[in-house]
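Single-structure report; data block below.
The values are calculated or read from the model by the stated rules, or taken from the named source; none is laboratory data. Worth saying up front: this structure is predicted, and the values here are computed from it rather than measured. Please note: Cβ atoms are built from the backbone with ideal geometry, for glycine as well, and neighbour counts cover all protein chains shown. These accessible areas exclude ligands, DNA and RNA; they are computed on the full protein's heavy atoms, side chains included. Shrake-Rupley method; radii C 1.70, N 1.55, O 1.52, S 1.80 Å.
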Amino acid sequence: MKCVFVTVGTTSFDDLIACVSAPDSLQKIESLGYSRLILQIGRGTVVPEPFSTESFTLDVYRYKDSVKEDIQKADLVISHAGAGSCLETLEKGKPLVVVINEKLMNNHQLELAKQLHKEGHLFYCTCSTSLRL
């Protein structure tokens, strides 16, 4: 059972959660062979309704003491560009797509993502340049 884990850390990133949980995104994720999507939504106000069908499960939660287990279970991690989330995922050797929060521009996140991309560790995008899965 292939799994995608999306994490926003301790912040909120409603654009990312809304984008990845949209019906067309869910269809695309499933068409790529994934049968589970786990959303860690932090302080966000976008709270998708969890569901489970025969072929696909969507789980949603705000916080856990540690997301290590979810990262470990994931076949793909989609993350905000927080240093902790990025490094924890890369340490586990998981494929990582970092989504830059454009509303937080002029911060360290874009620089970190660019550097890690240059070094061949991850891909990055914004919600508008697109998380076209």
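I want to check a number: in the chain, how many lysine pairs have alpha carbons closer than 14 Å, given a sequence separation of 8 or more or different chains? Write out the running numbers ahead of the final one.
Numbers: LYS2/LYS28; LYS2/LYS73; LYS2/LYS94; LYS68/LYS92; LYS68/LYS94; LYS73/LYS92; LYS73/LYS94.
Close lysine pairs under the 14 Å cut-off: 7.
Among residues other than ILE41 whose Cβ falls under 10 Å from its Cβ, what is the net charge (Lys/Arg +1, Asp/Glu -1)?
+1
Report the local net charge at LEU26: Lys and Arg +1, Asp and Glu -1, summed over other residues whose C-beta lies under 12 Å from its C-beta.
Local net charge: -1.
Helix 108-118 sits at what angle to the longest principal axis of the chain, using alpha carbons and giving 0 to 90 degrees rounded to 10?
Between the helix axis and the principal axis of the chain, the angle is about 90 degrees.
Could you check how much of the accessible area of the chain is carbon and sulfur, as a whole percent, using a 1.4 Å probe? Present the calculation step by step, with values, prior to reporting the outcome.
Working: 3710 of 7060 Å².
Here carbon and sulfur together make up 53 percent of the probe-accessible area.
Under a Cβ-only charge scheme (Lys and Arg +1, Asp and Glu -1), can you give me the dipole magnitude of the chain about the Cα centre, in debye to the nearest 20?
180 debye
Match the structure shown to one of the listed values (i) 33; (ii) 30; (iii) 54 of percent of Cα pairs over 22 Å apart, computed from it, and give that label.
For percent of Cα pairs over 22 Å apart, the calculated option is (ii).
Share of antiparallel DSSP beta bridges in the chain, in percent to the nearest 5? List each step's numbers first, then the result.
Values: 2 of 24 bridges.
The antiparallel fraction comes to roughly 10 percent.
Could you work out the local net charge near SER52, counting Lys and Arg as +1, Asp and Glu as -1, over the other residues with Cβ closer than 13 Å to its Cβ?
Within the 13 Å Cβ shell, the charges total -3.
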